[in-house]
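The values are calculated or read from the model by the stated rules, or taken from the named source; none is laboratory data. What you are looking at is a predicted structure, and each value in this text was computed from that prediction instead of being measured. Ideal geometry is used to build each Cβ from the backbone, glycine not excepted, and the neighbour counts take in all protein chains shown.
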Amino acid sequence: MNNQTYSLSRRGFARALLASTTLCAIGGARALAAPTGGNFGNQAEWEQKYDSTAAVLVRTTTPILSPQTVAMTEAAIAQYRELVAQGGWQGVPSAQTMKIGSKGPAVTALRRRLAVTGDLTDNAGQSAVFDSFVQGGVMRFQSRHGINPTGDCTKETLAALNVSAQDRLRSLELNLTRLRSYAGNLGARYITLNIPAAAVETVENGEVFSHHAGGVGKIDRQSPVMQAKVLDINFNPFWTVPASIIRKDLIPRMQEDPGYLADHKIRVIDKGGQEVAPTTINWNSMDATNYRFRQDPGADINSLGAVRVNIANQYGVYMHDTPEKGVFGDDYRFVSSGCVRVQNIRDYVAWILKDTPGWDRDHIDEAIRSGARIDAKLTQTIPVYWVYITAWANDGIVQFRDDIYKRDGGGDALAFSEGVTPSSGAPMPDGLEGKPAPKRAPARNASSAAQAN
């Protein structure tokens, strides 16, 4: 890159040093900080803290679906075209994790690579020692790429560093088409789920009100791109197992562990509405498909946790709580079967219901504590947009996420930008899919995404 680099300010946006442009910097001094949780009742939420001096980027108030994001992405594209024209960047040759104290030519290469995209100040030197400056630059880079900002240059971070400038430019150009397709009036209050980022935003009057980590569909059980509306909130929901799950997942589970249903408080209901014992079913046949399987409510065991957010859509998916809060602290949150788990669900529901009389935060907490099946119908429905955006820029920061569903290649990109998605079948519960059945161990929580009553 000769001597062309981007500088970085801790208090403002990074400034570009390319002589031919005055656009915002690729890196920047602000990035996505970790979600902050709380502890409401017995429902512990994941919380992650960073030292106040750490160079992690703060959350933006600019919605990902907004004219500002379109404009900033256009600016980033111009800058990346300039960067590509000048030869892009050199990769970082390393076969092992680098961290504070690491030494060698790979650290020098890492410094140069981080400086090109503004994640490291241009005056940080060319030392072959991995110091606190390099650590801060790695954290900023990780934040922009959806990687937990530990500051250690791991295998995952190296893979992201070594994606070419040409590929990054192509991602920005492709996603600009997707972003432009949402350039109209989305509503005064709306919700966005960005699937590749596994991130949820609530938006009000053109600004992000709150951010929530999400757990979205696995590669083989994908969350659909769609537009929908929140209709109501279901507190302490039952969960009814869809027929496809009975065949594909539940029967194999019961063949391996006859106590699975009891451990997970799943009841067997016959066609007459009467509960029957699991031992009356021949689990070596398809006999189970003649019954209905319903999981009891309960935030500590029910696959939907304490809350289900009902959204009208053709895929039968929705958003919900989970008894397994630890997923929200993971980098990789492609763990569900099409539905979306939402971090800090009570804050999320409080925002949804704030214009619905009788549903302030105290009443929400009371409804959950009661353990009773209670529904809260919204006075006014709220638009929900499930989108697939892998590259964008806002507030001077360029963000990239892995193309987890491999939708950025081929001729289907525009179709996905317009909300068309292939059917992935009925959503399935994580507690039943593909994992070894428990061997009569103590009851474990089955997190999920599937049909609920």
request  = Have a look at I301, I245, I251 and point out the one that is at pLDDT below 85, buried (at least 19 other Cβ atoms within 10 Å of the Cβ) and more than 30 Å from L378 (Cα to Cα).
outcome  = I245
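Pull up region 249-284, narrow it to residues that are within 28 Å of I345 (Cβ to Cβ) and assigned to a helix (DSSP H, G or I), then point me to the one that is farthest from the chain's Cα centre (by Cα).
First pass over region 249-284, keeping only residues within 28 Å of I345 (Cβ to Cβ): 249-250, 253, 260-267, 269.
Checking which are assigned to a helix (DSSP H, G or I) leaves us with 249-250, 253, 260-263.
Numbers: D249: 25, L250: 27, R253: 28, Y260: 29, L261: 30, A262: 32, D263: 29 Å.
The extreme case among them is A262.
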task = Please enumerate the residues belonging to region 86-117 that are in a helix (DSSP H, G or I) and surrounded by 12 or more Cβ atoms within 10 Å (Cβ to Cβ).
result = A106, V107, T108, A109, L110, R111, R112, R113, L114, A115, V116
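Tell me yes or no: at least one residue of region 169-189 is among the aromatic types (F, W, Y) and either at pLDDT 95 or above or under 24 Å from R346 (Cα atoms) (or both). Write out each step before concluding.
At the first step, the residues of region 169-189 found to be among the aromatic types (F, W, Y) are 182.
Those still in the list that are either at pLDDT 95 or above or under 24 Å from R346 (Cα atoms) (or both) too: none.
No; the residues of region 169-189 include none that is among the aromatic types (F, W, Y) and either at pLDDT 95 or above or under 24 Å from R346 (Cα atoms) (or both).
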message = I need every pair where a residue in region 154-173 that is under 17 Å from F130 (Cβ atoms) and touching a residue at least 12 places away in the same chain (Cβ under 8 Å) has its Cβ under 8 Å from the Cβ of a residue that is part of a helix (DSSP H, G or I) and among the β-branched types (V, I, T), sequence separation at least 6 or different chains.
response = T157/V138
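Do you know which residues across region 353-390 are part of a helix (DSSP H, G or I), surrounded by fewer than 23 Cβ atoms within 10 Å (Cβ to Cβ) and of a type in the set (A, V, I, L, M)?
Here is the first cut: in region 353-390, the residues part of a helix (DSSP H, G or I) are 361-370.
Subsequent filtering for residues that are surrounded by fewer than 23 Cβ atoms within 10 Å (Cβ to Cβ) retains 361-363, 365-367, 369-370.
Matches in region 353-390: A367 only.
Would you check if A198 is at positive phi and buried (at least 18 other Cβ atoms within 10 Å of the Cβ)? Break it down into steps so the answer makes sense when it comes.
Values: at positive phi: yes; buried (at least 18 other Cβ atoms within 10 Å of the Cβ): yes.
Against the criterion (at positive phi and buried (at least 18 other Cβ atoms within 10 Å of the Cβ)), A198 qualifies.
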inquiry  = Here is a check on your reading of the model: is G214 under 30 Å from I64 (Cα atoms), modelled with pLDDT under 85 and either in a strand (DSSP E or B) or within 25 Å of the chain's Cα centre (by Cα) (or both)?
reply    = no
message = Exactly one condition in (1) over 26 Å from I251 (Cβ atoms); (2) within 14 Å of the chain's Cα centre (by Cα); (3) in a strand (DSSP E or B) is false for Y332; which is it?
response = (3)
key: Residue ID - modelled with the lowest pLDDT, chosen from residues in region 372-405 that are within 18 Å of G358 (Cα to Cα) and hydrophobic (A, V, I, L, M, F, W, C)   = A372
task = Can you run down the residue pairs with Cβ atoms below 7 Å, 6 or more apart or on separate chains, where the first is in region 216-238 and touching a residue at least 60 places away in the same chain (Cβ under 8 Å) and the partner is part of a strand (DSSP E or B) and among the hydroxyl-bearing types (S, T, Y)?
result = V216/S336; G217/S336; K218/S336; Q227/Y385; K229/T381; V230/T381; L231/T381
message = Here are the criteria: (1) out of contact with any helix residue (DSSP H, G or I) (no Cβ under 7 Å at 6 or more places or on another chain); (2) surrounded by fewer than 20 Cβ atoms within 10 Å (Cβ to Cβ); (3) part of a loop (DSSP other than H, G, I, E, B). Tell me which single one V208 does not satisfy.
response = (3)
query = Is it the case that G146 is at pLDDT below 95 and part of a loop (DSSP other than H, G, I, E, B)?
reply = yes
message = Suppose we keep only residues that are exposed (fewer than 14 other Cβ atoms within 10 Å of the Cβ) and touching a helix residue (DSSP H, G or I) at 6+ places or on another chain (Cβ under 8 Å) within region 157-179. Which one would you say is farthest from T117 (Cα to Cα)?
response = T177
